[in-house]
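A short write-up of the structure that comes next.
Bear in mind these aren't lab numbers, they're just calculated from the coordinates by the rules spelled out. Since the model is a prediction, treat every value here as computed from it, not as a measurement. Cβ placement follows ideal geometry from the backbone for every residue including glycine, while neighbour counts extend to all protein chains displayed.
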Amino acid sequence: MTTTKTYNVIVVGYQGQGKSATVMKLSGDPNYKGKDGKITRKTFRLKEPSSWTVHVVDTPGLGSLATSDHKILDRIYNEARCLQHVDAILIVFKTDRIKNTQIKAVDQFCKIFGDNFLQKSIIVLTFADAVKQKNTSIGEFLANSPETFQSLYKKCGERIWCVENSDWEDREENQEELIELIKSVETVPYKIPGAGRVICCGKSAVCIAVTVAIVGAVVIAVAVAVGVAVTNS
Ligand SMILES: Nc1nc2c(ncn2[C@@H]2O[C@H](COP(=O)(O)OP(=O)(O)O)[C@@H](O)[C@H]2O)c(=O)[nH]1
Ligand SMILES: [Mg+2]
């Protein structure tokens, strides 16, 4: 009997760090494009023998000039809390001079994902060829990065995945590496704060039906109470 499983993975980070390109390479769909300022979902199957599915939520980046971080965090939160479970969160950084604003963004994600989300997180370093070209190792890159980044790396259980999105030759191998990292945090208990509340995203049919029923009941109750009050006065 084949077991089916869906891994829910959320991809976050600053804008222009390579989140959408990572989803494109990971899913193997060259036509995949993230939407500016919007959440984009991508689902793909892992290759046989497993019949596991990966559902990726590609999120708009922080630091956009078009939309405030506050709005973007709201969009991410609304999407994330409607997922039945979250298996991993990928925090994407371009392999470049990592700036403090990008590292501080992690504190903003903490606000929506809770204090313990780094236990479920994997750092993704895109533009991995940049490290190769400088003839440095990932260890050296980390040693030369800001202390705040090194501390983040430790808090993420030293889970890091390097990817060169312009190169598809290593795609399968790369995908396997990431899946291993996702599996390593699979059993870590984690829940998005506020997930599972009835009035949530309003996207699934059940969610809409229950939300409409509750709102309807509240409206009727208020109308009855007002009616009774008016009659009695
Ligand atoms: N050479 C190279 N370009 C990349 C890589 N990752 C992303 N890009 C490019 O960087 C730009 C921003 O990437 P995008 O995925 O849209 O960033 P996002 O805003 O984080 O989703 C695009 O032009 C991508 O093609 C990478 O690993 N290598
Ligand atoms: Mg994008």
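What's the percent breakdown of Cα-Cα distances in the chain across 5 Å bins, shortest bin first?
That works out to 1, 6, 13, 17, 18, 15, 11, 6, 4, 3, 2, 2, 1, 1, 0, 0, 0, in percent per bin.
I want to verify a result. In a Gaussian network model of the chain, Cα cutoff 10 Å, which of these has the top mean-square fluctuation: N116, N78, N31?
N31
Between their Cα atoms, which of K35/K120; K47/K155; K71/K94; K71/K183; K35/K99 are more than 29 Å away from each other?
Correct reply: K47/K155; K71/K183.
For the stretch 1-94, just the Cα atoms, rotate onto the principal axes and tell me the three extents in Å, largest first.
Sorted largest first, the three principal extents are 50, 28, 19 Å.
Let me check against my output: what whole-number percent is the relative contact order of the chain, with C-alpha pairs under 8 Å and at least 6 apart?
The normalised contact order for the chain reaches 21 percent.
Please check: in the Gaussian network model of the chain (C-alpha springs, under 10 Å), which one of A195, A66, A221 has the largest mean-square fluctuation.
Per the Cα network of the chain with a 10 Å cutoff, A221 tops the list.
Residues with amide H under 5 Å of L90's amide H, sequence separation 5 or more or different chain, H placed in the peptide plane at 1.01 Å from N; which?
It is I10, V11, V12, I122, by chain and number.
Between the stretch 13-76 and the stretch 146-194, what's the alpha-carbon centroid distance in Å?
Computed from Cα coordinates, the inter-centre distance equals 15 Å.
If you place +1 on the Cβ of every Lys and Arg and -1 on the Cβ of every Asp and Glu, how big does the dipole about the Cα centre of the chain come out, in debye to the nearest 20?
Roughly 760 debye, rounded to the nearest 20.
Under the rule of -39500 (n - 2.57) per DSSP H run of 4 or more residues, summed and divided by the residues of the chain, what mean residue ellipticity at 222 nm is obtained, to the nearest 500 deg cm²/dmol?
That comes out to -13000 deg cm²/dmol.
Could you go through the stretch 10-18 in sequence order and give the Karplus-derived ³J(HN,Hα) for each residue, using 6.51 cos²θ - 1.76 cosθ + 1.60 with θ = phi - 60°, rounded to whole Hz, and x for Gly and Pro?
10, 10, 10, x, 6, 5, x, 8, x
Go ahead and run the numbers for FRET between Y153 and H85, Cβ-Cβ distance against an R0 of 22 Å, rounding to 0.05.
0.30
Amide H of W161: which non-local residues (sequence gap of 5 or more, or other chain) have their own amide H closer than 5 Å, using H built in the peptide plane?
Correct list: I123, V124, L125.
Compute the projected area of the convex hull of the Cα atoms of the stretch 94-164, averaged over all viewing directions, and report it in nm² to one decimal place.
Seen from a random direction, the Cα hull of the stretch 94-164 projects 4.4 nm² on average.
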